[in-house]
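The values are calculated or read from the model by the stated rules, or taken from the named source; none is laboratory data. Nothing here was measured: the structure is a model prediction, and the numbers come from that model. FYI the Cβ positions are ideal-geometry reconstructions off the backbone, even for glycines, and counts take in every protein chain you see.
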Amino acid sequence: MNKGDLVEKIAGNAGLSKVQAGTALNSLVDGITNSLRKGDRVTLVGFGTFSTSQRKARTGRNPQTGAPLKIAAKKVAKFSPGAELKAALRRGK
């Protein structure tokens, strides 16, 4: 499923136009992004929690040459699924 498919699904389920559904989806994504940028957690009960984590700097290897290279520390987004999402996946629904 891509963003367009998701917009169609939201529009159909909520009785909205595709433009309204697209605006709602963009607003959700922007809200989550802005909260993560500030270092906050976003919890959608039953679905999951979005948070950030700090990766340490490390030494990697160039896969073509095998030469070592430095990989900088960075902030990354994490998602932890909620209990209802895990249960739905186990049931296959």
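Given the structure, is Phe50 touching a helix residue (DSSP H, G or I) at 6+ places or on another chain (Cβ under 9 Å), modelled with pLDDT of 95 or more and in a strand (DSSP E or B)?
Answer is yes for this residue.
Pick from segment 45-69 the residues that are touching a Ser or Thr at 6+ places or on another chain (Cβ under 6 Å) and touching a residue at least 12 places away in the same chain (Cβ under 8 Å): which of them is surrounded by the fewest Cβ atoms within 10 Å (Cβ to Cβ)? Walk me through how you get there before you give the answer.
So the first thing to find is which residues in segment 45-69 are touching a Ser or Thr at 6+ places or on another chain (Cβ under 6 Å), and the list is 48-49, 68.
Checking which are touching a residue at least 12 places away in the same chain (Cβ under 8 Å) leaves us with 48-49.
Details: Gly48: 18, Thr49: 14.
Once the filter is applied, the top-ranked residue is Thr49.
Can you confirm whether segment 62-77 contains a residue that is among the charged types (D, E, K, R) and not in a strand (DSSP E or B)?
no
For segment 4-19, state whether one or more residues are under 23 Å from Leu89 (Cα atoms), without any contact (Cβ under 8 Å) to a residue 60 or more places away in the chain, among the acidic types (Asp, Glu) and exposed (fewer than 12 other Cβ atoms within 10 Å of the Cβ).
Looking through segment 4-19, at least one residue is under 23 Å from Leu89 (Cα atoms), without any contact (Cβ under 8 Å) to a residue 60 or more places away in the chain, among the acidic types (Asp, Glu) and exposed (fewer than 12 other Cβ atoms within 10 Å of the Cβ).
Please list, ordered by first then second residue, the pairs with beta carbon atoms under 6 Å, 6 or more apart or interchain, first in segment 24-40 and in a helix (DSSP H, G or I), second of a type in the set (A, V, I, L, M).
The qualifying pairs are Leu25/Val7; Ile32/Val42; Ser35/Val42; Leu36/Ala77.
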